[in-house]
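Beneath this line is the structure, given in structure tokens, with notes to follow.
The values are calculated or read from the model by the stated rules, or taken from the named source; none is laboratory data. The structure displayed is predicted, hence computed values, not measured ones. As a convention, Cβ positions derive from the backbone with ideal geometry for all residues, glycine included, and neighbour counts pool all protein chains shown. Only protein heavy atoms, including side chains, enter the accessible area calculation; ligands, DNA and RNA are left aside. Shrake-Rupley method; radii C 1.70, N 1.55, O 1.52, S 1.80 Å.
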Amino acid sequence: MKNIILDVDTGIDDALAISYAVHSPELNILGITTSFGNTTVPEATRNTLQLLEALGAEDIPVIPGVDKKFNGDEPHEKTASIHGENGIGEAVLPPATTKASDGLAHDFIISAVREHPHDITLLPTASQVNLATAINKDPEIISLIDEVIVMGGAVRAPGNITPYAEANIYTDPEAAQLTFQSGLPITLTGLDVTMQTMLERSVLNEWRDKDTVLSRTLADACDFYIDAYIKNNPGMNGCALHDPLTVGIAIDSSFVKTEPLKIDVVTDGEYEGQTFETHEKDHPNIKVGLGVDADRFVAHFLERVV
């Protein structure tokens, strides 16, 4: 089994990723840390606790992260138009009976890495502030992390929150730039590949037919998500499986084809949050996903998620 930490801003596609991961026997989830972006940190923490109870996985610790960007600024407004006011498309989960763990996400990451040196994979599907804070506090853990599979960026594709930037990177570009230049073994799973992995609306009726709290909730959430997609992409009748693809790669790296590139992040101005290739081809810092076996991945995801 592969030891992983999910770092989320739960978030509809985060919820799908968590469910996929919990149902994947190849993965041992050491903990789930929460950040801001789709939601606030308290909302992401609440949604994660509630979802884990619906999954029967309430023993997985949930650790809240910092509530400010890496540079100390307040975060942008949450993306309620995409994920709803409650973060999961106004779908309703029963209140959690469990509580978040004490402490903060970056300290949990440091402790977990030191307890599992060279045997831990991190999956940030939100801002990277928790990871950036962890390596800033304890740089020695950089060499102890097996892999970091980031959902973020748009290297050769247009952005989704601005014409240039993908939402997770835009949420905290300074944190992303720090992690990208840190020497961490990063695989970047961005819009170049995730926009090819579509969940079709027709699947949601199959989920509702299962008639569990989990299946009904995820179906309701994805209905909201697909409606938001259609507003921005008329003619589309599905939604991209952004965050679940990071889980898929943790299970089977052959779902994507990567290319080693030198990637930088624009941290301010009109192009804030843009991830771009530099001309330093001889000094790549990231494996960038540029091709995806979408049909095989989506089939695998659908076999497990609910």
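If you scan the range 209-231, which residues turn out to be open to solvent by 10 Å² or more (accessible area, probe 1.4 Å) and over 24 Å from Leu49 (Cβ atoms)?
Of everything in the range 209-231, those that are open to solvent by 10 Å² or more (accessible area, probe 1.4 Å) and over 24 Å from Leu49 (Cβ atoms) turn out to be Asp209, Asp227, Tyr229, Ile230, Lys231.
Would you check if Ala165 is modelled with pLDDT under 95 and among the small types (Gly, Ala, Ser)?
no
From Gly289, Gly238, grab the single residue that is under 18 Å from the mean Cα position of the chain (by Cα) and either within 22 Å of Pro163 (Cα to Cα) or among the charged types (D, E, K, R) (or both).
Of the residues listed, the single one that is under 18 Å from the mean Cα position of the chain (by Cα) and either within 22 Å of Pro163 (Cα to Cα) or among the charged types (D, E, K, R) (or both) is Gly289.
Would you check which residues across the range 232-261 are surrounded by fewer than 24 Cβ atoms within 10 Å (Cβ to Cβ) and out of contact with any Leu (no Cβ under 9 Å at 6 or more places or on another chain) and list them?
Of everything in the range 232-261, those that are surrounded by fewer than 24 Cβ atoms within 10 Å (Cβ to Cβ) and out of contact with any Leu (no Cβ under 9 Å at 6 or more places or on another chain) turn out to be Asn232, Asn233, Pro234, Gly235, Met236, Asn237, Asp252, Ser253, Ser254, Pro260.
What number of residues within the range 107-120 are touching a residue at least 40 places away in the same chain (Cβ under 8 Å) and either among the small types (Gly, Ala, Ser) or buried (at least 23 other Cβ atoms within 10 Å of the Cβ) (or both)?
4
For residues that are more than 14 Å from His23 (Cα to Cα) and either surrounded by 13 or more Cβ atoms within 10 Å (Cβ to Cβ) or polar (S, T, N, Q) (or both), tally how many sit in the range 279-306.
The number of residues fulfilling the criteria is 14.
Suppose we filter Gly273, Gly248, Gly235 for residues that are among the small types (Gly, Ala, Ser) and in contact with a Pro (Cβ under 8 Å, 6 or more places away or on another chain); which single one remains?
Only one candidate qualifies: Gly273.
Name the one entry in Asp192, Asp243 that is charged (D, E, K, R) and more than 20 Å from Gly11 (Cα to Cα).
Numbers: Asp243 fails: more than 20 Å from Gly11 (Cα to Cα).
After applying the criteria, what remains is Asp192.
Could you list, in sequence order, the residues of the range 174-196 that are over 24 Å from Asp146 (Cβ atoms) and either open to solvent by less than 20 Å² (accessible area, probe 1.4 Å) or not charged (D, E, K, R) (or both)?
Leu191, Met195, Gln196
Go through the range 204-219 and report how many residues are β-branched (Val, Ile, Thr) and touching a Leu at 6+ places or on another chain (Cβ under 8 Å).
2
Could you grab me the full set of residues in the range 42-81 that are open to solvent by less than 20 Å² (accessible area, probe 1.4 Å), β-branched (Val, Ile, Thr) and under 21 Å from Gln177 (Cβ atoms)?
Those that are open to solvent by less than 20 Å² (accessible area, probe 1.4 Å), β-branched (Val, Ile, Thr) and under 21 Å from Gln177 (Cβ atoms): none in the range 42-81.
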